[in-house]
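Asks: Before we start, here is the structure in question, set down as structure tokens.
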Amino acid sequence: MGASSIAVVGPTASGKTRRAVELARALGGEIISADSRQVYRGMSIGTGKDLCEYGEIPYHLIDIVEAGKKYNLHRYLHDFTAAYSDILERGLVPVICGGTGMYLENAIRGIRLPEVPENQELRKELEGKSLKELTEILASMKALHNNTDTDTVNRAVRAIEIQKYYEDHPEESELANADNARPLDCAVIGLVIPRDVRRRKITTRLKTRLDEGMADEIRSLLDRGIPAADLIYYGLEYKYVTLYVTGALTYGEMFTRLETAIHQFAKRQMTWFRGMERRGIHITWLPYDIPNEELVDTCRQLLKA
């Protein structure tokens, strides 16, 4: 039996959005974004929403949360499930598109997560601890397979909070157990782009986004009362351009550091996707510049297989 949905994955600058739109148009589908930052309103240039590319194709999980708010995996999986079910019920093909591996993999695996409330007492105990100390605490509670939970103090505290909740509520922690998941019937397409081409596209795209007014976008968010620390929390463009706008970095320093950070991010994305394969999710890898007809034919075969 063939798949009922398609996911398009790949590193930043590999052309995922354009390809997902082409597939949705050809297969009669709608797009579900799997991007942890495109959920925020008012954060368009820096997150690369490229909404003009969608044309008449409906999309989901973009511009659903106010900038400055916190959005997490639990909320994403809830919103994803609702959108996915709605598209299938209308007889259409869900086309999942994005580069946030954690969101994408958990959605495809059908993982369900309990809603973990804030633990103010625990947060007070952790207050003032360094990122290194928090990482050590988390490592004593569970195996750390990547640095997603420990790239900032806030995320490390939240990860410890969640793990403590799981320890105190073992019956609910079973919801997050992969053995209890209901995997989607989803064919995953990965876009392969040569490293030198990817690096060139990243640099070109960064220059374009800055020319399009990324700094002005961030100034407008700050003018709306969103704290600089909240924008820095979102990372990459919002981190470094905010530091530039607030005078902590020169334009040249911002560009160099941001360019390097995006290159490193693209490498981490590919590491995650390769990890997905090791964890049992098959990815059909195709050249990023594959002709549209071949891409569509391949996906049609996967849907029918």
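Asks: Can you tell me which residues in the stretch 262-305 are under 19 Å from the mean Cα position of the chain (by Cα), among the acidic types (Asp, Glu) and not in a helix (DSSP H, G or I)?
Replies: Of everything in the stretch 262-305, nothing turns out to be under 19 Å from the mean Cα position of the chain (by Cα), among the acidic types (Asp, Glu) and not in a helix (DSSP H, G or I).
Asks: If a residue must be open to solvent by 50 Å² or more (accessible area, probe 1.4 Å), at pLDDT 95 or above and not charged (D, E, K, R), how many such residues does the stretch 273-291 contain?
Replies: Number satisfying all stated conditions: 4.
Asks: Hey, another quick one. Just a yes or no: is a residue in the stretch 242-261 over 26 Å from residue 153 (Cβ atoms), open to solvent by 60 Å² or more (accessible area, probe 1.4 Å) and not in a loop (DSSP other than H, G, I, E, B)?
Replies: yes
Asks: Specify the residue that is nearest to residue 13 (Cα to Cα); the eligible residues are those in the stretch 48-75 that are among the hydroxyl-bearing types (Ser, Thr, Tyr) and modelled with pLDDT of 90 or more.
Replies: 54
Asks: Hey, can you tell me all the residues within the stretch 184-222 that are without any contact (Cβ under 8 Å) to a residue 60 or more places away in the chain, hydrophobic (A, V, I, L, M, F, W, C) and open to solvent by 20 Å² or more (accessible area, probe 1.4 Å)?
Replies: 210, 222
Asks: Just to check your reading of the model, which residue among 209, 195, 205, 182 is in contact with an Asp or Glu (Cβ under 9 Å, 6 or more places away or on another chain) and more than 26 Å from residue 153 (Cα to Cα)?
Replies: The unique qualifying residue is 209.
Asks: Which pairs have Cβ atoms under 6 Å, sit 6 or more apart or on different chains, and link a residue in the stretch 61-89 that is under 25 Å from residue 238 (Cα atoms) to one that is hydroxyl-bearing (Ser, Thr, Tyr)?
Replies: 61/33; 62/33; 65/40; 65/71; 67/40; 76/103
Asks: Could you please find all residues in the stretch 1-60 being surrounded by fewer than 19 Cβ atoms within 10 Å (Cβ to Cβ), more than 25 Å from residue 304 (Cβ to Cβ) and out of contact with any helix residue (DSSP H, G or I) (no Cβ under 9 Å at 6 or more places or on another chain)?
Replies: The answer is 41, 51, 52.
Asks: Right, something else. Condition check: open to solvent by less than 40 Å² (accessible area, probe 1.4 Å), farther than 17 Å from residue 4 by Cα, in contact (Cβ under 8 Å) with a residue 40 or more places away in the chain and not β-branched (Val, Ile, Thr). Does residue 98 satisfy that?
Replies: In short, yes.
Asks: Could you tell me whether residue 232 is open to solvent by less than 50 Å² (accessible area, probe 1.4 Å) and either among the β-branched types (Val, Ile, Thr) or at pLDDT 95 or above (or both)?
Replies: When the stated conditions are applied, residue 232 does not pass them.
The values are calculated or read from the model by the stated rules, or taken from the named source; none is laboratory data. It should be emphasised that the depicted structure is a prediction, and the values quoted were computed from it without experimental measurement. Heads up, the Cβs are rebuilt from the backbone with ideal geometry, glycines too, and the neighbour counts pull from every protein chain shown. Just the protein is used for accessible areas: all its heavy atoms, side chains included, with ligands, DNA and RNA removed. Shrake-Rupley method; radii C 1.70, N 1.55, O 1.52, S 1.80 Å.
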